[in-house]
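What follows is one structure encoded as structure tokens, with my remarks underneath.
The values are calculated or read from the model by the stated rules, or taken from the named source; none is laboratory data. In this text, all values refer to a predicted model and were calculated from it rather than measured experimentally. All Cβ positions, even for glycine, are placed from backbone atoms using ideal geometry, and neighbour counts span all protein chains on display.
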Amino acid sequence: MDKLNILWTTNNKDTIINMIAMYSINALKRGWWKEINIIIWGASAKLIGEDVEIQDYVKQMLDAGIQVEGCLACSDQFGVTEVLKSIGIDLKYMGEPLTGYLKGDEKILTI
């Protein structure tokens, strides 16, 4: 399988702008990976929910064809569930899906 999962847990804006968004969009566009899946977990959910600039970066990733899913428990805890859903993020309880990715030997980059 030619898929990369990026587990995004940081609330550092420079990391999303200069690594996650930049790399994922270019990697998909240039064919380095056939699929890229961003997993929003923890502090990243709060950052997206509260920062319009970061919301725009997430929208750019979605527009580029990158799948973006997030932890529903985290978004609920931070009170940003509706904002994340309105952007187009697929929210769900992520424990089981992440475990499946790990047990399925999928590539996971954790940031």
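Assorted remarks:
- Matching residues in segment 57-70 - criterion: being over 16 Å from Thr15 (Cβ atoms) and either touching an Asp or Glu at 6+ places or on another chain (Cβ under 6 Å) or part of a helix (DSSP H, G or I) (or both): Lys59, Leu62, Asp63, Glu69
- For segment 77-91, the set of residues classified as assigned to a helix (DSSP H, G or I) and either touching a residue at least 40 places away in the same chain (Cβ under 8 Å) or surrounded by 14 or more Cβ atoms within 10 Å (Cβ to Cβ) (or both) consists of Phe78, Thr81, Val83, Leu84, Lys85, Ile87, listed by residue number.
- Met94 being surrounded by 13 or more Cβ atoms within 10 Å (Cβ to Cβ) and either more than 17 Å from Gly42 (Cβ to Cβ) or charged (D, E, K, R) (or both): no
- Those residues of segment 14-44 which are in a loop (DSSP other than H, G, I, E, B) and of a type in the set (A, V, I, L, M, F, W, C), in sequence order: Trp32, Trp33, Trp41
- Unmet requirement for Lys46, which otherwise passes all of (1) under 11 Å from Ile111 (Cβ atoms); (2) touching a residue at least 24 places away in the same chain (Cβ under 8 Å): (1)
- Here Ile108 qualifies as surrounded by fewer than 18 Cβ atoms within 10 Å (Cβ to Cβ), at pLDDT 95 or above and assigned to a strand (DSSP E or B).
- Condition check for Met1: over 11 Å from the mean Cα position of the chain (by Cα), aliphatic (A, V, I, L, M) and closer than 22 Å to Met94 by Cα: yes
- If the condition is being under 20 Å from Lys92 (Cβ atoms) and over 11 Å from the mean Cα position of the chain (by Cα), then segment 5-41 contributes only Glu35.
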